[in-house]
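> The structure that follows is given in the form of structure tokens.
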Amino acid sequence: MSRTSLSAIPPYVFYELDARRAAARATGQPLLDVGIGSPDGPIPPVVVETMQRVAADRSLSGYPYFQGHPLFREAVAGYLHTRFGVTIDPAGELLALAGSKEGIAELILAHTNPGDVVLIPAVYYPVYARATLLAGAEPVYVPFLPDGCLDLDALDAATVARATVMIVNYPGNPTTTSVSLDELARYVAFAERHGLLLLSDLAYSELSYDGYAVPSVLQVPGASRVAVETHTCSKSFNMAGVRIAFLAGNREAIARLDAYRANIGYGVSTLAQLAGAAAFTHHAQIVPPIVAEYRARRDAIVTAFTAGGWHVPAPTATMYLWLDVPPGLSDWQWVDALIEHAGVVVTPGMAFGDAGRGKFRVSFVQPAEQLVRAAEGIVATAAWSTAQRR
Ligand SMILES: Cc1ncc(COP(=O)(O)O)c(C=O)c1O
């Protein structure tokens with residue numbers, strides 16, 4: 001397969017959604033946006049204070065450390081140890097990232113050659129496939145079993161033989177599926193058996209409810225022989241705009257990504273790294289109120305859907321609902337109907353791959369009262385569209 005040119009990659013669905021949102025706003029229509037997963041909460045005060053101090057510190061104004069500031073690496077190692085019982089070598093098994101999206105893309109670019117296969121969950125966060133195409137590699141989509149785990153037996157041997165990287169994302173965006181540590185161990189074993197680099201995208205490590213503690217793939221004994229994991233401050237700490245994340249795990253994979261990045265950048269802004277260090281250091285204080293707010297929002301919107309006659313199970317993790325588009329409508333027809341009739345913006349399921357068609361995603365990025373309004377608007381629009389088709 002030859003290197004895919006940018007123009008051959010389909011338009012980014014979130015751009016298209018932005019255009020529809022802007023067109024509706026231009027007509028003066030008020031919109032309730034539950035489409036994008038950008039947290040609306042404030043950056044925690046301890047992080048803001050750190051950023052103010054760092055911004056004024058003359059000794060921190062030079063280029064950052066390529067791999068990560070020592071204080072960032074120390075804070076992350078401490079967090080992984082207290083939160084997951086995982087011990088890493090902060091000097092060789094860790095890399096600061098300017099957000100996990102960019103880090104995942106760079107990891108794929110650094111670890112694939114044209115013609116390689118990257119194994120991607122059938123419904124997926126878009127960068128997995130897009131970076132694969134940019135690398136000239138081939139995305140192969142792994143179907144889900146009914147419980148949301150990956151159906152690895154569905155892959156044929158020739159495809160697996162060409163694969164170099166396999167990506168897993170639990171809790172999943174947009175699916176909200178969670179898995180056990182035993183399931184993660186199955187993926188580690190598969191990666192080891194087939195000589196793959198396993199990338200676990202753990203963007204929602206802290207956003208879980210009802211007693212469910214999200215596991216890290218690095219808790220699987222021996223995982224760092226084949227696995228790396230991305231974590232981000234974006235969701236756990238309301239820091240999506242700060243752009244700070246990290247990659248931890250397999251030493252060779254980290255060295256390779258570090259070497260790749262050294263050619264194109266200077267590492268991650270010191271301001272962002274030290275903001276991230278403050279967040280990871282104080283995670284035990286910062287996370288509970290954020291989770292409590294999302295839990296209240298989740299309960300409010302699920303209750304509103306139930307009152308409208310929709311069966312919507314409450315997810316045990318993430319900040320999303322992943323729902324069925326009413327029968328007879330395409331994803332975009334449904335998105336447009338919602339904008340027009342309810343003033344509600346949701347994300348069409350096809351934004352997350354072909355297997356996402358027929359679904360849509362709602363994000364808990366508005367206060368509970370607004371989410372209730374969004375649910376009522378969605379229920380009413382579905383009833384209206386059913387009546388139209390009679
Ligand atoms: C599964 C998943 N991975 C990665 C990201 C990107 O996070 P970051 O802000 O760290 O780039 C997101 C953001 O929505 C996500 O849902």
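> Pick out the one residue from Leu95, Leu31, Leu71, Leu80 that is closer than 26 Å to Pro139 by Cβ and under 26 Å from the mean Cα position of the chain (by Cα). Steps first, answer last, please.
Numbers: Leu31 fails: closer than 26 Å to Pro139 by Cβ; Leu71 fails: closer than 26 Å to Pro139 by Cβ; Leu80 fails: closer than 26 Å to Pro139 by Cβ.
Going through Leu95, Leu31, Leu71, Leu80 in turn, the sole match is Leu95.
> Scan region 91-107 for residues that are assigned to a loop (DSSP other than H, G, I, E, B) and closer than 11 Å to Phe246 by Cα and jot them down. I'd like the intermediate steps shown before the answer.
Filtering region 91-107 for residues assigned to a loop (DSSP other than H, G, I, E, B) gives 91-93, 98-99.
Result: Glu93, Ala98, Gly99.
> For region 201-252, give me the residue count where each residue is away from the ligand (no atom under 12 Å from the Cβ), more than 16 Å from Ala191 (Cα to Cα) and of a type in the set (A, V, I, L, M).
Of the residues in that region, 3 qualify.
> From Tyr209, Tyr266, grab the single residue that is surrounded by fewer than 24 Cβ atoms within 10 Å (Cβ to Cβ) and touching a Lys or Arg at 6+ places or on another chain (Cβ under 7 Å). Explain how you work it out, then say what you get.
On the way: Tyr266 fails: touching a Lys or Arg at 6+ places or on another chain (Cβ under 7 Å).
None of the others qualify; the one that does is Tyr209.
> Now for a separate question. Among the residues of region 79-90, what is the count of those that are under 17 Å from Thr232 (Cβ atoms) and assigned to a helix (DSSP H, G or I)?
So the count comes out to 4.
> Would you check if Phe280 is among the aromatic types (Phe, Trp, Tyr) and within 13 Å of the ligand (Cβ to nearest atom)?
Working: among the aromatic types (Phe, Trp, Tyr): yes; within 13 Å of the ligand (Cβ to nearest atom): no.
Taking the combined requirement at face value, the residue does not satisfy it.
> Would you mention how many residues in region 304-326 are in a loop (DSSP other than H, G, I, E, B) and in contact with a Gly (Cβ under 9 Å, 6 or more places away or on another chain)? So that I can check it myself, show each step before the final result.
Keep residues of region 304-326 that are in a loop (DSSP other than H, G, I, E, B), which gives 308-316, 318-319, 325-326.
Now drop any that are not in contact with a Gly (Cβ under 9 Å, 6 or more places away or on another chain), which leaves 316, 318-319, 325.
Number of matching residues: 4.
> I've got another one for you. Got a sec? Which of Asn250, Asn238, Asn263 is of a type in the set (S, T, N, Q), over 19 Å from Asp89 (Cβ atoms) and touching a helix residue (DSSP H, G or I) at 6+ places or on another chain (Cβ under 8 Å)? Can you show your working first?
Numbers: Asn250 fails: over 19 Å from Asp89 (Cβ atoms); Asn263 fails: touching a helix residue (DSSP H, G or I) at 6+ places or on another chain (Cβ under 8 Å).
After applying the criteria, what remains is Asn238.
> Of everything in region 358-375 that's touching a helix residue (DSSP H, G or I) at 6+ places or on another chain (Cβ under 6 Å) and among the hydrophobic types (A, V, I, L, M, F, W, C), which residue is farthest from Arg295 (Cα to Cα)?
Among residues in region 358-375 that are touching a helix residue (DSSP H, G or I) at 6+ places or on another chain (Cβ under 6 Å) and among the hydrophobic types (A, V, I, L, M, F, W, C), the one farthest from Arg295 (Cα to Cα) is Phe360.
> Let me ask something else. Looking at region 72-94 only, could you name the residues that are within 16 Å of the ligand (Cβ to nearest atom) and out of contact with any Lys or Arg (no Cβ under 8 Å at 6 or more places or on another chain)?
Going through region 72-94, the residues within 16 Å of the ligand (Cβ to nearest atom) turn out to be 72, 76, 79, 94.
Once the filter is applied, which keeps residues that are within 16 Å of the ligand (Cβ to nearest atom) and out of contact with any Lys or Arg (no Cβ under 8 Å at 6 or more places or on another chain), region 72-94 yields Phe72, Val76, Tyr79.
> Can you say whether Gly358 is over 16 Å from the mean Cα position of the chain (by Cα) and under 13 Å from Pro174 (Cβ atoms), as far as the supplied structure shows? Give the steps one after another, and end with the answer.
Numbers: over 16 Å from the mean Cα position of the chain (by Cα): yes; under 13 Å from Pro174 (Cβ atoms): yes.
In short, yes.
> Can you pull out every residue in region 222-234 that is closer than 25 Å to Thr316 by Cβ and surrounded by fewer than 24 Cβ atoms within 10 Å (Cβ to Cβ)?
Hit for region 222-234 is Ser234, nothing else.
> Next question, about the same structure. Quick one: how many residues across region 23-68 are surrounded by 22 or more Cβ atoms within 10 Å (Cβ to Cβ) and closer than 17 Å to Leu97 by Cα?
Looking only at that region, the number is 2.
Values in this text are rule-based calculations from the coordinates and carry no lab data. Only a predicted model underlies this, so the values are computations on that prediction, with no experimental measurement involved. Virtual Cβ from ideal backbone geometry, glycine too; neighbours counted across all protein chains shown.
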